[in-house]
Amino acid sequence: MLGCVLVTSGLAGIWRALRLGVVIDAGGVRVRGFVSREKVTPWSAIQSVDCAQIDVSKRRLPGPDVGESGGSVGVP
């Protein structure tokens, strides 16, 4: 019984980990976190989209820099 619970929760965790990230689609920009619900920013609230360098563990990776009227959506 315990094994079934552990396998099921492990598969659910793997599924959530695979869905992490930023999705850009017709509805706007969707940021999916591991613990929190996904945050959707509609295109009407976005002022600009720029490509910027993001520092991640001693490497520099390109990523979106989304300018909004109420702040910005960043990738941690």
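What does the extension gain come out to for residue 43 and residue 6, with contour length at 0.36 nm per residue minus their alpha carbon separation? Write out the running numbers ahead of the final one.
On the way: separation 37, 0.36 × 37 = 13.32 nm, distance 4.02 nm.
Taking residue 43 through residue 6 to full extension adds about 9.3 nm, to one decimal.
Add +1 for every Lys or Arg and -1 for every Asp or Glu among the other residues with Cβ under 13 Å from the Cβ of residue 32, and state the total. Intermediate results must be reported in sequence, preceding the final value.
On the way: positive: 16, 19, 30, 37, 39; negative: 25, 38.
Cβ neighbours under 13 Å give a net charge of +3.
We did not get these values from a lab; they are worked out from the coordinates using the rules stated. Note that the structure is predicted; figures quoted are calculated from it, not measured. Counting neighbours? That spans all protein chains shown, and the Cβs are built from the backbone with ideal geometry, glycine included.
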